[in-house]
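The next block holds one structure in the form of structure tokens; read it before the comments.
The values are calculated or read from the model by the stated rules, or taken from the named source; none is laboratory data. Just so it is clear, the model here is predicted, and its values are computed rather than measured. In this analysis, Cβ positions are derived from the backbone assuming ideal geometry, glycine residues included, and neighbour counts consider all displayed protein chains.
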Amino acid sequence: MSQENDFRIIIIDDNTTIHQNFIKILTAKEVPPALDILEREILGNSEKAENFIFPTFQIDTASQGEQGIERIKTGLANGKPYALAFVALPLSAGRNGIETIKHIWKLDPNIQVVIYTAASNSSWEATIKQLGIRDNLLILKKPFDTVSIQLIVSALTRKWQLMQETKVCSDSLEESIQERLRSLHTALSLIRATLESSADGILVINNDGKIIDYNKQFVDMWKIPQLMVESKNFELLLNYMINQLKSGHGFEDMIKEANDKDDKIINGLYKFKDKRIFECYTQPQKLDDHIIGRVWSFRDVTKRISLEEKLQKQATHDALTGLPNRILLRDRIQQAILRAERTGSNFGILFFDLDHFKLVNDSLSHQAGDKLLKKISKHLLSAFRAKDTVARLGGDEFILLIEDLDKNKSMVSIVRKLKNIFKEPYKIAKRDIYVTASMGVSLYPQDGKTVNQLLRNADLAMYRSKELGSDQFHFYKRGMNKLASVRLKQEIELMRAIENEEFFLTYQPQFDLISRKMVSIEALIRWEHPQKATVLPKDFIPLAEETGFIVPIGDWVLRTACQQNKDWQNMGLPAMRISVNVASSQLKQPDFVEKIKSILRETGLKAKYLEIEVTENVITANPEVVEVIKNVRKIGVEISLDDFGTGNSSLGYLKKVQFDRLKIDKSFVNSIDFNRENQVIMQAIIDMAQSLNYQVLAEGVENKKQLAFLINKNCQIAQGYYLAKPMTAPELETLLKEKGTEAPVLEK
Ligand code: C2E
Ligand code: MG
Ligand code: MG
């Protein structure tokens, strides 16, 4: 029985007896002793020889060349090729033997072929010539010897087997090589894709300075000509790259460092002449722990850096003026302290705050205020050296940091310079705006050794200036501290009061002494302080005037008083004037008249029911308000001269401005009781006022005697606690509803 893996042998011979003979020889059960001996002789007395097993064969026969070819074909097709073919020469029938063999090898070049012939004298030269010398061709000569045949067959089939095995082996080797190649290819294409998909420009250089690899991004970023990268010459490339940088030195240093310390990772930031900024990063390329080159990567960080710079600028500069802000200023002062410590020099801080800046905002507009701040900032920058710091702390507060002070450059000279730049008016919204500033100076080291101390003390000195009025300048002195902190607290409180609308109005009636009826009401402001009892005007109006807060407060009073008066009229209560106190800074607003007009329009109150109270001092200190008063009167609003008699000026202005009435200050009325001299003055005032056609109102009437005196002297109007105290709107309403306009004390 043949085995699956038996060698297959085919005998092609037209002599069937020979078929049988071969089969007999080749299917011998045991190794014939002769073969065994021969094996030993050939292979030596080795174990292999001992273990020699004669292979088993599957033998097929064919009596014609075609038949043999067919079988070989089928065998190949079934994956069971023949190892060996015995081919008789010549073949008497059909195709001749030589043709048959050629055909067989065409089909299967590995098959071992043994040719033989029955004729002993035949010449093999011709046969060899036709078939060629091959290593799978053997000629068996007559006479046939059993052992030779067995030996030949055994050797040839083994050889065939070895060849088969080698082929399998080389096939699998080939396959694994192909596989490796494929995966290498995949890896390479992955690396390339990764390289190309990177937003960074990448360049790989070997230890000999040759360009090994790069991506397109690299070429594009550095605008490198194709020829240059193809040259593979890194040195050439480097020169080309350095030429594009703003300062090539940094990059050259980096390259030098990379060359010196070949195992180091290095990075740096480089600016291009065309304003781009690249971040460069380089690391060694290693192969089995050996450095074989360097990878350079370049990233365009222009956007990131410019954003960072912008953010940095935003964080350290004032958005409106572009001047350094508090953060940068503090840093500069800190640096100045360090420098001054090192060199033994000194420096100064000039803190200044624009006077009445709020007025510009309130009376013109915020845009106008912003414009003014910008203009001033520009002016400051051009007036001072680049090494001096001009900073804006916010609002209308600025700081000058002046270093290296000496005899020629003192802070006094700086103050002078600052005052000089404010000499000319600023043109804003077609108006000339004169600017002054309250200034305070602190000096290093005597006024403070830290940023905080220096800033605080300059601030305190500035506050001292503010307190004394506008356009002042003070050096810091010990003790300013306490004074200013109280004021600061009050200012903050006042500001909060405006925001929280903590104010309310009280109303004090004024009575006509002839008709004995209530003819007007004075609106008097109160501050409902969240922690304290109601605050009276004397405790906050002066501060409001200094700080400029009086403008928004005054606007509110005017509007509220007009609205209230109109509401009373709408309720059917007797129509009368409402009298409102206005401060000088209110009157100085360029649009004051317009403001009054629009308030009257919005509340619906007729102009004749509004009266403005102006103090004597306002007119003498600000002659320009004379025009304003005239214009206010023109629209039908009445004007009273308040606190008459307390001013220390001549009465000349009384001829220049037309008022509707004079309000004799309560200090005169008070003294009627005991001061004869004042009685004379009162009499004189009343006479003078009447000669000028003014009505006279006496304020602060506290008793019967005073009232009697006034009536006797023909004073027309009176106001005072004795007649009626200031009261809230509902209280006044009740009074009017219950008692009408009559004053009980005036009843005859
Ligand atoms: P003023 O305009 O002379 O107002 C009269 C002041 O005298 C009021 O004080 C009033 O309450 C007080 N008074 C009235 N009758 C008597 C009296 O019989 N005896 C005494 N001793 N005092 C009397 P008030 O309300 O404290 O106001 C004080 C000052 O504050 C006012 O003086 C005025 O100059 C100012 N003021 C009040 N409200 C406002 C306002 O809305 N705006 C401005 N700018 N100033 C205001
Ligand atoms: Mg008044
Ligand atoms: Mg008064």
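What residue, among those in the stretch 298-315 that are part of a helix (DSSP H, G or I) and of a type in the set (A, V, I, L, M), is nearest to Met241 (Cα to Cα)? It comes out as Ile305.
Out of Leu405, Leu401, one residue alone is more than 27 Å from the chain's Cα centre (by Cα) and outside any loop (DSSP other than H, G, I, E, B). It is Leu401. The number of residues in the stretch 239-285 that are modelled with pLDDT under 90 and more than 33 Å from the chain's Cα centre (by Cα) comes to 8. Within the stretch 683-706, which residues are in a helix (DSSP H, G or I), within 16 Å of ligand 1 (Cβ to nearest atom) and under 22 Å from Pro509 (Cα atoms)? Matches in the stretch 683-706: Lys704, Lys705, Gln706.
Specify the residue that is modelled with the highest pLDDT; the eligible residues are those in the stretch 322-375 that are closer than 30 Å to Asp404 by Cβ and part of a loop (DSSP other than H, G, I, E, B). Show your work before the answer.
In the first step, residues of the stretch 322-375 are kept if they are closer than 30 Å to Asp404 by Cβ; the result is 322-355, 373-375.
Checking which are part of a loop (DSSP other than H, G, I, E, B) leaves us with 322-323, 325, 344-346, 355.
On the way: Gly322: 92, Leu323: 95, Asn325: 92, Gly344: 90, Ser345: 90, Asn346: 90, Asp355: 88.
This residue is Leu323.
Annotation for the stretch 405-423: at least one member residue is surrounded by 13 or more Cβ atoms within 10 Å (Cβ to Cβ) and touching a His at 6+ places or on another chain (Cβ under 9 Å).
Look at the stretch 594-606: where a residue is on the phi > 0 side of the Ramachandran plot and a partner is surrounded by 12 or more Cβ atoms within 10 Å (Cβ to Cβ), sitting 6+ places away or on another chain with Cβ atoms under 6 Å, you get Gly604/Lys566. Going through (1) surrounded by fewer than 19 Cβ atoms within 10 Å (Cβ to Cβ); (2) more than 27 Å from Glu403 (Cβ to Cβ) one by one, Gly293 falls short only on (1).
Among the residues making up the stretch 196-211, those that are more than 30 Å from the chain's Cα centre (by Cα) and surrounded by 17 or more Cβ atoms within 10 Å (Cβ to Cβ) are Leu203, Val204, Ile205, Ile211.
For the stretch 600-616, state whether one or more residues are within 16 Å of ligand 3 (Cβ to nearest atom), of a type in the set (A, V, I, L, M) and buried (at least 20 other Cβ atoms within 10 Å of the Cβ). So far as the stretch 600-616 goes, yes, one or more of its residues are within 16 Å of ligand 3 (Cβ to nearest atom), of a type in the set (A, V, I, L, M) and buried (at least 20 other Cβ atoms within 10 Å of the Cβ). Quick one: which of Phe218, Phe278 is touching a residue at least 40 places away in the same chain (Cβ under 8 Å), on the phi < 0 side of the Ramachandran plot, surrounded by 11 or more Cβ atoms within 10 Å (Cβ to Cβ) and assigned to a helix (DSSP H, G or I)? When all the criteria are applied, what remains is Phe218.
Across the stretch 712-745, the number of residues qualifying as more than 15 Å from ligand 1 (Cβ to nearest atom), under 26 Å from Phe659 (Cβ atoms) and crowded, with 16+ Cβ neighbours inside 10 Å comes to 3. Those strands (runs of 3 or more DSSP E) of the stretch 515-622 in which at least 1 residues are at pLDDT 95 or above and acidic (Asp, Glu), considering only elements entirely within it, cover 518-527, 610-615.
What tally of residues in the stretch 557-575 results from selecting those that are basic (Lys, Arg) and either crowded, with 20+ Cβ neighbours inside 10 Å or closer than 18 Å to Pro509 by Cβ (or both)?
Step one: of the stretch 557-575, the residues basic (Lys, Arg) are 559, 566.
Filter once more, so that each one left must be either crowded, with 20+ Cβ neighbours inside 10 Å or closer than 18 Å to Pro509 by Cβ (or both): 566.
Residues that pass the stated criteria total 1.
For Ser640, the conditions (1) within 26 Å of Leu605 (Cα to Cα); (2) in contact (Cβ under 8 Å) with a residue 24 or more places away in the chain; (3) surrounded by fewer than 19 Cβ atoms within 10 Å (Cβ to Cβ); (4) not basic (Lys, Arg) all hold with the exception of (3). Using the structure shown, decide if Pro109 is part of a loop (DSSP other than H, G, I, E, B), at pLDDT 90 or above, over 60 Å from the mean Cα position of the chain (by Cα) and of a type outside the set (Asp, Glu). Criteria met by Pro109. Close Cβ contacts (under 8 Å, 6 or more residues apart or on different chains) running from residues in the stretch 239-263 that are farther than 21 Å from Pro284 by Cα to residues that are assigned to a loop (DSSP other than H, G, I, E, B) and acidic (Asp, Glu) comprise Gln244/Asp274. Looking across Ser640, Ser667, one residue alone is closer than 23 Å to Ser520 by Cα, out of contact with any strand residue (DSSP E or B) (no Cβ under 6 Å at 6 or more places or on another chain) and within 12 Å of ligand 3 (Cβ to nearest atom). It is Ser667.
Take the stretch 580-593 and flag every residue that is under 23 Å from Arg661 (Cα atoms), within 46 Å of the chain's Cα centre (by Cα) and either more than 16 Å from ligand 2 (Cβ to nearest atom) or free of Cβ contacts under 8 Å to residues at least 12 places away in the same chain (or both). Full working, then the answer.
Filtering the stretch 580-593 for residues under 23 Å from Arg661 (Cα atoms) gives 580-588, 592-593.
Now restrict to residues that are within 46 Å of the chain's Cα centre (by Cα): 585-586, 588, 592.
Across the stretch 580-593, the qualifying residues are Ser585, Lys588, Phe592.
Remark: pairs (first residue in the stretch 671-700, in contact (Cβ under 8 Å) with a residue 12 or more places away in the chain and β-branched (Val, Ile, Thr); second residue part of a helix (DSSP H, G or I) and within 16 Å of ligand 2 (Cβ to nearest atom); Cβ separation under 7 Å; 6+ apart in sequence or on different chains) = Ile681/Phe668.
What are the residues in the stretch 635-672 that are modelled with pLDDT under 80 and either within 11 Å of ligand 1 (Cβ to nearest atom) or basic (Lys, Arg) (or both), if any? Those that are modelled with pLDDT under 80 and either within 11 Å of ligand 1 (Cβ to nearest atom) or basic (Lys, Arg) (or both): Thr646, Lys655, Lys656. For the stretch 599-611, filtering for residues that are closer than 26 Å to Glu546 by Cα and under 48 Å from the mean Cα position of the chain (by Cα) leaves 1.
The stretch 223-269 holds helices (runs of 4 or more DSSP H) entirely within its bounds, and those carrying 2 or more residues that are among the aromatic types (Phe, Trp, Tyr) map to 234-242. Within the stretch 695-707, is even one residue at pLDDT 95 or above and closer than 21 Å to Leu573 by Cα? Looking for residues that are at pLDDT 95 or above and closer than 21 Å to Leu573 by Cα, one finds none in the stretch 695-707, hence no.
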